[in-house]
1. Which listed residue (LEU96, ALA139, PRO202) has the Cα farthest towards the positive end of the charge dipole for the chain, taking +1 on Lys and Arg C-beta and -1 on Asp and Glu C-beta about the Cα centre?
2. Could you tell me the center-to-center distance, by alpha carbons, between the stretch 284-306 and the stretch 49-98 in angstrom?
3. Can you tell me how much longer the chain between ALA159 and ALA326 gets when fully stretched, taken as 0.36 nm per residue apart minus their C-alpha distance, in nm with one decimal?
4. Once a ≥ b ≥ c are taken as the square roots of the eigenvalues of the Cα gyration tensor of the stretch 204-271, is the result rounded (a/c under 1.5), prolate (a/b larger than b/c) or oblate (a/b not larger than b/c)?
5. What are the residues whose amide H is under 5 Å from the amide H of ALA73, where those residues sit 5 or more places off or on another chain and H is modelled from the backbone?
6. So what is the accessible area of the chain per residue, in Å², with the probe set to 1.4 Å?
7. Between PRO188, PRO88, PRO215, find the one with the highest GNM mean-square fluctuation for the chain; connect C-alpha pairs within less than 10 Å.
8. Assigning unit charges at the beta carbon (Lys, Arg +1; Asp, Glu -1) and nothing else, what dipole magnitude in debye, to the nearest 20, does the chain show about its Cα centre?
Amino acid sequence: MRPTTDGPIDFVTGAPGAGSLAVDWIHGTASRRGGGPPLQVHQYDEHTVILRQSMAVNYEAPFIFLLFGNDRALLLDTGATADATIFPLRATVDRLVAEWLDRHPGEQGERGGHGEHGGRREPYGLVVAHTHGHGDHVAADGQFADRPATTVVPREAEAVGSFFGFEPDRPLDTVTFDLGGRVLEILPSPGHHRAAITVYDPWSGILFTGDTVLPGRLYVEDHAAFRATVERMVEFAGTHPVTHVLGCHVEMSRRPGGEYPIGATYQPDERVPEMTVAQLVAVRDATVAVAGRPGVHRFDDFVIYNEPRKTDMRKLVARGLAHQLASPVLRLLPGTRRRG
């Protein structure tokens, strides 16, 4: 039975708290029919939920994160599909919020609970924000448009900066965002996308890196900005207890350098989504190494598409199409092998 709390939750003492990533992520199916739930839900800890969109719904299979504080929750990204009938993100989040509030109703009597609302957590807020503004991270925003006590942060860089309070004359400074005792640190992170952010959660110790750092294809739109971003991430991780570096996709197999084709809906040998600070440092070092060299650069744990040329993207798409046309059975890009 999970713990219940009537009063304010202490998100500071003992942080980072223990969480679990002992989960078998659903990695698609060899059948073109798909299978499994449209969303996989994993309770990392009592106040942190990690969701993954099914590859049967969209091959991008992005991870989505739900963080609870005393006053409000943060939903980080909304996935790659708008249609609630096949991707019921709103219904899933509503259920998770209701269950959390049942276990942690807040003060029963006088006002004076933690945060701006005090007392019972009603109305309990929800902020819908994004690691960045690409379509596979914002598609289901519309499902939350009419949700009470909910703020949906627009995807554009200017709106993101305004909402989180980035200073115009110091747009790359880290700022804080308080969920009610659970104070997140927000790092502006351009390079992959102008509006990209990295979110550090002191409670879990997780550094949420979006599409900037993950075990897969790292698309570098602006090399100078991307390099500065990963430099700041490494510096930040050197002064904060980081338990996991957690991005939004898995596109690599467990074989070093093994990259699944774009569009793959079956990844039975995929590696785990979480990375280490050492792997973050490796991304930084690789980014330095590819400076001035546009194109595709393969490393053990990731592939850098450094300011990719049209020919690089055509080849990537062509390989993905060849994979899809050839067979629903797994095929991997060069440097990998079939499972077994």
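The values are calculated or read from the model by the stated rules, or taken from the named source; none is laboratory data. Small disclaimer: the values here were computed from a predicted structure and weren't measured. Neighbour counts are summed over all protein chains in view; Cβ atoms, including those assigned to glycine, are modelled from backbone coordinates with ideal geometry. Heads up: the accessible areas ignore ligands, DNA and RNA and are worked out on the full protein's heavy atoms, side chains in. Shrake-Rupley method; radii C 1.70, N 1.55, O 1.52, S 1.80 Å.
1. The residue sitting most towards the positive pole is ALA139.
2. 31
3. Stretched out fully, the ALA159 to ALA326 stretch lengthens by 55.8 nm.
4. Oblate shape, in that a/c is at least 1.5 and b/c is the bigger or equal ratio.
5. Amide H neighbours of ALA73, under 5 Å, 5+ apart: GLY125, LEU126, VAL127.
6. It amounts to 43 Å² per residue over the chain.
7. Comparing PRO188, PRO88, PRO215 in a Gaussian network model of the chain, the most mobile one is PRO88.
8. So the dipole magnitude of the chain works out to roughly 1740 debye.
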